[in-house]
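Accompanying notes for the structure given below.
Rule-based calculations on the coordinates, nothing more; no lab input. Note that the structure is a prediction, hence the values are computed from the model and not measured. Here the Cβ is made from the backbone with ideal geometry for all residues, glycine too, and neighbour counts use every protein chain on show.
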Amino acid sequence: MLRVSLKKDELVLGLLDYSVCDILQELVYEGRREPFANLKDLQNVIKDKWHDVDDQTVRKAILLWKRRLAAVAKFKAEWRTYSAHFLLTS
């Protein structure tokens with residue numbers, strides 16, 4: 001089993017589960033009434049609020065992500081077996 005040991009600050013946001021992104025979005029827009037003046041302001045707030053996301057939440061998201069990948073891999077393997085059997089018997 002591959003074990004990855006990353007600190008929360010080393011993660012790439014594109015790999016995060018949507019639940020973590022939702023939590024981050026709530027933190028970023030919490031109590032905000034005005035739109036961000038520009039993209040740089042938004043980026044700065046995201047970076048600041050990222051530190052407020054609980055490490056345990058990120059770890060849970062990673063575990064769910066691994067389970068989803070395993071389920072997809074299993075489905076693809078079963079589909080290939082089914083497809084090969086169908087082609088051979090047709």
| remark: For the Leu39, Ser19 Cβ pair and Förster radius 22 Å, calculated FRET efficiency rounded to 0.05 is 0.35
| said: Using Cβ counts within 10 Å as a stand-in for footprinting exposure, how do Glu78, Glu34 rank, fewest first? | reply: Glu34, Glu78
